[in-house]
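So the structure is just underneath, and the comments pick up after that.
Read the figures in this text as sums done on the coordinates, not as results from a lab. Fair warning: this is a prediction, and the values are worked out from it, not measured in the lab. Positions of Cβ are generated from backbone atoms using ideal geometry, with glycine treated the same way; all protein chains shown enter the neighbour counts.
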Amino acid sequence: VVPLDQLRTEWKAALADAGLNEATVRLYPFEGEGAGEAGAYWFRPGDKLAVDYQFPDAERVEDANAPENRNLHRVTVWTGREPPILSGRLRHELEHARQWDHHGKALFDLHDLIEDEVLPHKAGGLQGCGGTFINFIPTEQDANAAAAMFLRDRYPEDLLATLREGKWRNLACSLVGPESLESLPKRMICFAYQFRDRCAQVEQERGVPFQQILAWSYDGAAGIWSALEKSRLQPAQISGS
Ligand SMILES: [Zn+2]
């Protein structure tokens, strides 16, 4: 278990690393390891939160929903893990806060579309597999890359090498920080295209063209999708012999 003062130190460092003002984020620590895989969760500003495994405390959920807190970033974390995992998780969740501050709801509607509707057709319910695909969503890759840079600055390499051999390796598996924040929405759309036929299943379920669903998040998204659909590839002619 990480003592509270160490948690506070890691939290402040993670906030500074993410360039976030402490007053815009509210942290809710829990003891133990938590019921979910992630061990930390970020909640969208404005959303009304409910008691569940991501936030299992009615009194603190009420605090998180109070008018003065509801529009803040809210993060839950379980402290029953060793420091590098805990630090990495804090920084990971704060990267989502940074992504939100830059791109807002539209980006996270894309995220939810991919995580909740597209990827379940690929590996939903396959124990130990579904999370692999979720971790490759660009919002998650970037959050893990941010965590990896934060850990590299704060912990010895041999400790991180051990971390990379275990279940939480995603927090330390990058040589570089996030790809550009600016390009994130486009990268989300290109990621969805890697599961193009699963997207067609979503289209059938909803009875709406997939590019229309994308267009509800971003003007221009449908254009990217149809460009991918319309382009025809021919192997390049190689001159000479
Ligand atoms: Zn995440």
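Quick look at the numbers
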read-out	value
Top of Ala147, Ala35, Ala192 by mean-square fluctuation, Gaussian network on the chain, Cα under 10 Å	Ala35
Enclosed volume per residue, in Å³, of the convex hull spanned by Cα atoms of the range 165-207	126
For a label point 7 Å along the Cα-to-beta-carbon line of His102, residues of the range 1-15 with backbone N under 18 Å	14-15
Radius of gyration, Dmax [the range 97-139; alpha carbons; angstrom]	11.5, 33
Contour excess over end-to-end distance, with Cα ends at Gln237 and Ala13 and 0.36 nm allotted per residue	75.3 nm
The range 115-241: projected area of the alpha-carbon convex hull, averaged over directions, in nm²	12.0
With at most 14 neighbouring Cβ atoms within 10 Å, loop GluC sites (Glu not before Pro) (DSSP) excluded, longest segment of the chain	69-164
Crossing angle, helix 4-18 versus the chain [Cα axis fit, 0-90 degrees, rounded to tens]	30
Loop-located trypsin sites (Lys or Arg not before Pro) in the range 1-105 whose Cβ has at most 10 other Cβ within 10 Å (DSSP)	Lys48
Rounded FRET efficiency, nearest 0.05, which uses the C-beta distance separating Asp52 from Asp219 and R0 of 30 Å	0.35
For the chain, size of Cβ-based charge dipole, Lys and Arg +1, Asp and Glu -1, in debye	620
Residues in the range 146-189 reached by a label modelled at Glu33 [backbone nitrogen below 19 Å; 7 Å Cα→Cβ]	162-172
Shape call, the range 1-158: gyration tensor on alpha carbons, a/c limit 1.5	rounded
Sum of -39500 (n - 2.57) over DSSP H runs of 4+, divided by residues of the chain (222 nm, nearest 500)	-15500 deg cm²/dmol
Charge context of Leu163, other residues only, Cβ under 13 angstrom, K/R +1, D/E -1	+3
Cβ-based net charge around Leu175, under 13 Å, with every Lys or Arg adding one and every Asp or Glu removing one	0
Under 17 Å from the Ala227 label point (7 Å along Cα→beta-carbon), backbone N, the range 192-206	192-194
Neighbourhood net charge (15 Å Cβ-Cβ; Lys/Arg +1, Asp/Glu -1) for Val51	-3
Prolate/oblate/rounded label for the range 1-65 (Cα gyration tensor, a/c 1.5)	oblate
In Hz, Karplus ³J(HN,Hα) per residue of the range 51-60 (6.51, -1.76, 1.60; θ = phi - 60°; x = Gly, Pro)	6, 7, 5, 7, 7, x, 7, 4, 5, 6
